[in-house]
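For reference, the structure is listed below as structure tokens.
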Amino acid sequence: MKKVFFWNLSGLLFTLLVGTLLHFVYDWFGGSFWAVLGAVNESTWEHLKLVFWPIVLFGFIEYLFYGRNIRGFLPTKVFSLLIAMVSIVVVFYTYTGIIGDHFLVLDILTFVIGAVLAYWFAYCQLKKARSMDANKFLWGFSMILLIVLLISFIFTFDPPHIALFLDPAQGSYGL
């Protein structure tokens, strides 16, 4: 149980640090590679990358060190990733809908909330003896969901014209 706590706390700190850096990598380096990894504008969608990539990378590291010995590790991590992304969207649009504007401090707090919820969920699931039982349907669904999320970041280059993808600072979409 202590090992699971340590890994999830480490993952949270890793996600907060790396996610913060990913906010700036496209501005620093440019190029398509960094556009897929980092935020290219101020849209909500682009900011989901800040939680997505660190959780995926840290989840891979966790898998190598201890996750392969835990039933349901993959579904737990994929669902925790989804929880992070959905909570960021929900919290952001809820608070901006209530207040009528967005504020940097609250924007950063939405990122922190998403990351905390993701790792809290993963910790609660992984500390159980059976976690999210690794039946074939759940495992397959988790893999499909992860692949869909990975592929969806092509929206950086050609996003749908809906609010999630709108850069409020520029009034544009994507790159």
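A few points about this structure:
- Filtered residues of segment 8-36 (kept if assigned to a helix (DSSP H, G or I) and over 17 Å from the mean Cα position of the chain (by Cα)): TYR26, ASP27, TRP28, PHE29, GLY31, SER32, PHE33
- In summary, GLY19 fulfils each of the numbered conditions (1) at pLDDT 95 or above; (2) closer than 20 Å to TRP139 by Cβ with the single exception of condition (2).
- Total residues in segment 4-20 satisfying the condition of being open to solvent by less than 40 Å² (accessible area, probe 1.4 Å) and of a type in the set (Ser, Thr, Tyr): the figure is 2.
- Filter result (open to solvent by less than 100 Å² (accessible area, probe 1.4 Å) and modelled with pLDDT of 90 or more) within segment 127-150: PHE141, SER142, MET143, LEU145, LEU146, ILE147, VAL148, LEU149, LEU150
- Qualifying residue in segment 99-108 (condition: over 29 Å from HIS161 (Cα atoms) and in contact with a Phe, Trp or Tyr (Cβ under 7 Å, 6 or more places away or on another chain)): no
- Condition check for THR156 on (1) under 27 Å from ASN8 (Cβ atoms); (2) surrounded by 11 or more Cβ atoms within 10 Å (Cβ to Cβ); (3) among the β-branched types (Val, Ile, Thr): one failure, at (1).
- Of all residues in segment 37-55 being assigned to a helix (DSSP H, G or I) and touching a Lys or Arg at 6+ places or on another chain (Cβ under 8 Å), the one that is modelled with the lowest pLDDT: LEU37
- Count - residues of segment 21-49 that are under 12 Å from ASP107 (Cβ atoms) and surrounded by fewer than 17 Cβ atoms within 10 Å (Cβ to Cβ): 1
- Out of ILE108, ILE55, ILE88, sole residue that is open to solvent by 20 Å² or more (accessible area, probe 1.4 Å) and out of contact with any strand residue (DSSP E or B) (no Cβ under 9 Å at 6 or more places or on another chain): ILE108
The values are calculated or read from the model by the stated rules, or taken from the named source; none is laboratory data. If you're wondering where the values come from, they're calculated on a predicted model, not measured in any experiment. Reconstructed Cβ throughout: ideal geometry from the backbone, glycine too, with neighbour counts over all protein chains shown. For the accessible areas, the whole protein counts, side chains as well, though only heavy atoms, and no ligand, DNA or RNA atoms are used. Shrake-Rupley method; radii C 1.70, N 1.55, O 1.52, S 1.80 Å.
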